[in-house]
1. In region 1-54, which trypsin sites (Lys or Arg not before Pro) are in a loop and have at most 10 other Cβ atoms within 10 Å, using DSSP for the loop call?
2. Where a Cα-Cα gap under 25 Å defines reach, which lysines qualify for Lys116, not counting those fewer than 8 residues away within the same chain?
3. Restricting attention to region 51-129, which GluC sites (Glu not before Pro) occupy a DSSP loop and are surrounded by at most 14 other Cβ atoms within 10 Å?
4. Place +1 on the Cβ of every Lys and Arg and -1 on the Cβ of every Asp and Glu in the chain, take the dipole about the Cα centre, and give the residue among Thr45, Thr5, Pro26 whose Cα lies farthest towards its positive end.
5. What percentages, rounded to whole numbers, describe P(r) for region 1-92 computed over all alpha carbon pairs with 5 Å bin width beginning at zero?
6. Please report, for the Cα atoms of the chain, the Rg to one decimal and the Dmax as a whole number; what are they, in angstrom?
7. Probe of 1.4 angstrom, ligands and nucleic acids ignored: what's the accessible area per residue over the chain, in square angstrom?
8. Taking N as the number of residues in region 60-154, what is its alpha-carbon radius of gyration divided by 2.2 N^0.38 Å?
Amino acid sequence: MQKITFSEPVINDRKKIFRLIKKNPPLDVNSEYFYLLMCHHFSNTCVVAKKNSKIVGFISAYIPPKEKNTLFVWQAAVLPELRGKGLAASMLYSILQRGTCREIQFVEATLAPSNKSSYSFLISIANDLGTNFAKTPLFTKDKFGTSKHEAEELITIGPFENKKLLEISA
């Protein structure tokens, strides 16, 4: 089996990332411009997973300006044939181990209640880190206008110590 490598995304990855997201329902497909900005402005908190130079996974994340100890995960996508093998967790840990994230003590995300696979993924992250998993209502359905978008809950994992990440990757 070919090795999967992790790196910060670059601008030229945007189209492949866009196509990957389209293969990952129920993720919201944002514009190609959104992925261009993620690769340009937030590359140090995002990751692409590549196998034979093909993008097989992507996580978009950022550190909210008012929460310097939190990494907010916007989207996590893995090619369907590689799901369930721990790739998303490995990608997230690769971000958290970067110098940019040395002060991170919490991981947050928003999820629709029907997104069971993402819930399972984030619960497993909390278990790996030996920390808390909490969900609270955040955005009600009416906040999404006329779209059929579900309500979103805020998921919070933490607090955890950065050194715990070293134990996981060892």
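The values are calculated or read from the model by the stated rules, or taken from the named source; none is laboratory data. None of the values given here were measured: they were computed from a predicted structure. So basically every Cβ, Gly included, is an ideal-geometry build from the backbone, and we count neighbours across all protein chains shown. Calculation scope for accessible area: heavy atoms of the full protein, side chains included, ligands and nucleic acids excluded. Shrake-Rupley method; radii C 1.70, N 1.55, O 1.52, S 1.80 Å.
1. On the way: sites: Lys3, Arg14, Lys15, Lys16, Arg19, Lys22, Lys23, Lys50, Lys51, Lys54; in loops: Lys3, Lys23.
Answer by residue number: Lys3.
2. Hits, sequence-local ones excluded: Lys22, Lys23, Lys85, Lys135, Lys141, Lys143, Lys148.
3. Those satisfying the criteria are Glu67, Glu103.
4. It is Thr5.
5. The percentages, shortest bin first, are 3, 14, 27, 27, 18, 8, 3, 0, 0.
6. Rg and Dmax of the chain, Cα atoms, are 15.4, 47 Å.
7. Each residue of the chain exposes 56 Å² on average to a 1.4 Å probe.
8. Values: Rg = 14.1 Å, N = 95, 2.2 N^0.38 = 12.4 Å.
The value comes to 1.13.
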